[in-house]
Amino acid sequence: QAQVVESGGGLAQAGGSLRLSCTASGAIFTLYAMGWYRQAPGQQRELVADIDNGGRTNIVDSVKGRFTISRENGKNTVYLQMNSLKSEDTAVYYCNTYPYNIWPWGQGTQVTVSS
């Protein structure tokens, strides 16, 4: 069964940067488009960015120009580079297949941005 493990979160100051990683196992990674999602306290999980298996990307407006998604198929890993962080980026960040989340959700990685 497929499994994902997210890492790289932590505490950052506003204006700072973090790079998140998500490594998958138990599935043929290259077959899937992948997405990064986040869930802030009391809010629903939302898509942040996605990348198809050809490397084409889509970034949602709220983080466009600040976040970049990339993937390294040889390592079964998808990355989220987050720059110019804002307090509203504070959330637990998850990865999963896109657009349908067909793999079990991982535990996510907490990102906290202090202003």
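None of the figures in this text is laboratory data; all of them are computed from the coordinates on show. Small disclaimer: the values here were computed from a predicted structure and weren't measured. Here Cβ is always computed from backbone atoms with ideal geometry, including for glycine, and neighbour counts include all displayed protein chains.
Observations on the model:
- The range 45-66 and the range 10-37: distance between their alpha carbon centers, rounded to Å: 11 Å
- Extension gain, residue 30 back to residue 105 (0.36 nm per residue minus Cα-Cα distance, nm): 25.2 nm
- Under a 5 Å amide H cut-off, with hydrogens placed 1.01 Å from N, residue 53 pairs with 33 among residues at least 5 apart or on other chains.
- Rg [Å, one decimal], Dmax [Å, integer] - the chain, C-alpha atoms: 13.1, 40
- Order by protection proxy (mean Cβ within 10 Å, highest first), peptides 89-96, 53-60: 89-96, 53-60
- Using C-alpha pairs below 8 Å separated by at least 6 residues, the relative contact order for the chain is 37 percent.
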